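**Student:** Following this message is one structure expressed as structure tokens.
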Amino acid sequence: MERIAIGSSGVRTSRIGLGTWAIGGWMWGGTDEGESIATIRAAVERGVTLIDTAPVYGFGRSEEIVGRALSGGLRDKVQIATKVGLAWQDGKVFRDSRPERIRKEVEDSLRRLRTDVIDLYQVHWPDPRVPITRTAAVLDELREAGKIRAIGVSNYAAADMAAWRLFSPLDALQSPYNLFEREIEAGPLPYAERAQLTLLGYGALCRGLLSGRMSADTVFAGDDLRRHDPKFQGERFRQYLAAVEALKQLARERYGKSVLALAVRWVLDRGRSIALWGARRPGQLAPLAEIDGWRIDDQAAREIDAILARCITDPVSPQFMAPPARNLTQLEGAAA
Ligand SMILES: NC(=O)c1ccc[n+]([C@@H]2O[C@H](COP(=O)([O-])OP(=O)(O)OC[C@H]3O[C@@H](n4cnc5c(N)ncnc54)[C@H](OP(=O)(O)O)[C@@H]3O)[C@@H](O)[C@H]2O)c1
């Protein structure tokens, strides 16, 4: 398993991270705790030492399951990345990076994760109601206090990161990044490269689209976000599936690999990057064996771009996932 440093924090980790959003159940049609724990332990056995979670995933459930899976000897073998700055009320999620909220959230995460330090702490989404410099100062305070080791932001624009770095160290950026979602190439990614941040590309499989297992007949149950994700609807879904078929052929003919391996390798070949791969069953990690020891060459990269341009004539961004700022009621609730 390839390894990488997270910024200048001194934390080193695997270049593939296990994403545990689906393990929380919320927005993924529920969770099976036994399978989830087995998946986390299988990932660690296979050399994946980075586990990415967040308080909002299942409203605490994902962090609790991660904590349970790592208890009994695995904690020291992994790096835990979690997040801060999203609150929830009556099932509704909104941004909240007020300093007092962050100081409380870190304690809640440490308790749920059954640890005394978080290896990478990331602000989940920028909060337009709190100056970035204040949020930066609080995370630096937590680092100084030894509660966190590396500092990251997620879903931030280049200008937000520049403002942050005037006040506090920054080690990592977590953003949507996969073959179908490349919007960060227009700003956040070049900034992260210049600032020598480590990129955690989330949705490496574009929420399963790039697994190669989906067809136009695939149905999603319960509160699964893919029932509303614009990429999974009607004509657009057909366009993305056509691209997957063409990429499947390229991966097989050129490299003897699956499209899933091509998708993860593509994120890893983009520089100082980590691919966050969401899995919730141990068997989903089988393709880990296909990722190391090869690279996508320039000619294949150009062919991939041509496939995307030819098949996807109506692309859509992952912006639908962005949570709102606090509204008046939530502001009053927070002040009370
Ligand atoms: N910072 C943020 O705002 C943010 C946002 C999104 C995600 N993330 C992070 O990034 C991680 C990864 O993103 P993601 O979970 O959204 O999506 P993803 O990695 O693109 O896709 C995950 C889904 O792909 C399917 N899958 C995985 N391996 C498979 C295999 N071998 N064969 C077939 N299907 C497979 C599974 O769906 P099924 O189980 O339904 O088959 C799985 O839940 C998250 O878990 C989270 O840690 C962060």
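The values are calculated or read from the model by the stated rules, or taken from the named source; none is laboratory data. From a predicted model like this one, the values you see are computed outputs, not experimental measurements. Positions of Cβ are generated from backbone atoms using ideal geometry, with glycine treated the same way; all protein chains shown enter the neighbour counts. Heads up: the accessible areas ignore ligands, DNA and RNA and are worked out on the full protein's heavy atoms, side chains in. Shrake-Rupley method; radii C 1.70, N 1.55, O 1.52, S 1.80 Å.
**Student:** So, in nm, how far is label D298 from label F167 when the simple model puts each one 7 Å beyond its Cα toward the Cβ?
**Tutor:** 4.3
**Student:** Going 7 Å from the Cα of V117 along its beta-carbon direction, which residues of region 7-33 have the amide nitrogen within less than 13 Å of the resulting point?
**Tutor:** Zone members listed by number: 9-12.
**Student:** As a test of the formula, what do you get for the chain when each DSSP H run with n ≥ 4 contributes -39,500 (n - 2.57) and the sum is divided by the residue count, at 222 nm and rounded to the nearest 500 deg cm²/dmol? Kindly include the intermediate steps, with their values, before the conclusion.
**Tutor:** Details: 10 runs with 115 residues, N = 336.
That comes out to -10500 deg cm²/dmol.
**Student:** Gain in length, E141 to W88, computed as 0.36 nm per residue apart minus the alpha-carbon separation, to one decimal in nm?
**Tutor:** Difference between extended and current length: 16.6 nm.
**Student:** While we're looking at this one, here's another question. When only alpha-carbon atoms are used, what values of Rg and Dmax, in angstrom, describe region 106-231?
**Tutor:** Gyration radius and largest Cα-Cα distance of region 106-231: 17.1, 52 Å.
**Student:** What whole-number value in cubic angstrom gives the convex hull volume per residue for the C-alpha atoms of region 247-336?
**Tutor:** It comes to 173 Å³ per residue, whole-number rounded.
**Student:** Over region 233-336, with every protein chain in place, what whole percent of the accessible area is carbon and sulfur at 1.4 Å, could you tell me?
**Tutor:** C and S atoms contribute 51 percent here.
**Student:** So what are the ³J(HN,Hα) numbers for region 50-59, from phi and the Karplus equation (6.51, -1.76, 1.60; θ = phi - 60°), rounded to whole Hz, Gly and Pro as x?
**Tutor:** Going residue by residue, I get 9, 10, 9, 9, 6, x, 6, 5, x, 6 Hz, with x marking Gly and Pro.
**Student:** How many nm is it between the label spots at R252 and S8, if each spot is 7 Å from the Cα in line with the beta carbon?
**Tutor:** 4.9
**Student:** Please report the carbon-and-sulfur percent of the accessible area for region 1-142; probe 1.4 Å, protein heavy atoms only, DNA, RNA and ligands left out.
**Tutor:** 48
**Student:** If you don't mind, another one. Considering every pair of different Cα atoms, what Kirkwood radius, in Å, is found for the chain?
**Tutor:** Roughly 20.2 Å, rounded to one decimal.
**Student:** Using a simple spin-label model with points 7 Å from Cα along the Cα→Cβ vector, what separation in nm is obtained for R103 and F320?
**Tutor:** Reported label-point gap for R103 and F320 is 4.0 nm.
**Student:** Can you list residues from other chains, or at least 5 along the same chain, whose modelled amide H is less than 5 Å from the amide H of W28?
**Tutor:** Long-range HN contacts for W28: L225.
**Student:** Here's something else I'd like to know. Using the Kirkwood radius over C-alpha pairs as Rh, can you work out the diffusion coefficient of region 1-134 via Stokes-Einstein at 25 °C, viscosity 0.890 mPa s, in µm² per second?
**Tutor:** On the way: Rh = 15.3 Å.
My calculation gives 161 µm²/s for D.
**Student:** A further question on this structure: Using alpha carbon centroids, what distance separates region 212-238 and region 41-115, in Å?
**Tutor:** With region 212-238 and region 41-115 each reduced to a Cα centre, they are spaced 28 Å.
**Student:** Long-range amide H contacts for G17: which residues qualify at under 5 Å (H placed 1.01 Å from N, peptide plane, sequence gap of 5 or more or a different chain)?
**Tutor:** The list, which skips near neighbours in sequence, is A275, L276, W277.
**Student:** What are the trypsin sites (Lys or Arg not before Pro) within region 210-313 that DSSP puts in a loop, where the Cβ has at most 14 other Cβ atoms within 10 Å? Don't jump to the answer; show the numbers that get you there.
**Tutor:** Details: sites: R213, R226, R227, K231, R236, R238, K248, R252, R254, K257, R265, R270, R272, R280, R295, R302, R310; in loops: R213, K257, R270, R272, R280, R295.
Sites meeting the loop and neighbour criteria: R213, R295.
**Student:** So which lysines can K147 reach, going by Cα to Cα under 26 Å and dropping same-chain residues fewer than 8 places off?
**Tutor:** K77, K83, K104
**Student:** Just to be sure I follow: if Rg is taken over the C-alpha atoms of region 192-313 and Rh is the Kirkwood radius over the same atoms, what is Rg/Rh?
**Tutor:** 0.96
**Student:** Most fluctuating residue of P126, P176, P315 in a GNM of the chain with Cα springs under 10 Å: which is it?
**Tutor:** Sorting by GNM fluctuation, first place goes to P315.
**Student:** Which cross-chain or sequence-distant (5 or more) residues have an amide H under 5 Å from the amide H of L86, H modelled 1.01 Å from N in plane?
**Tutor:** Placed amide hydrogens put D96, H124 under 5 Å from L86.
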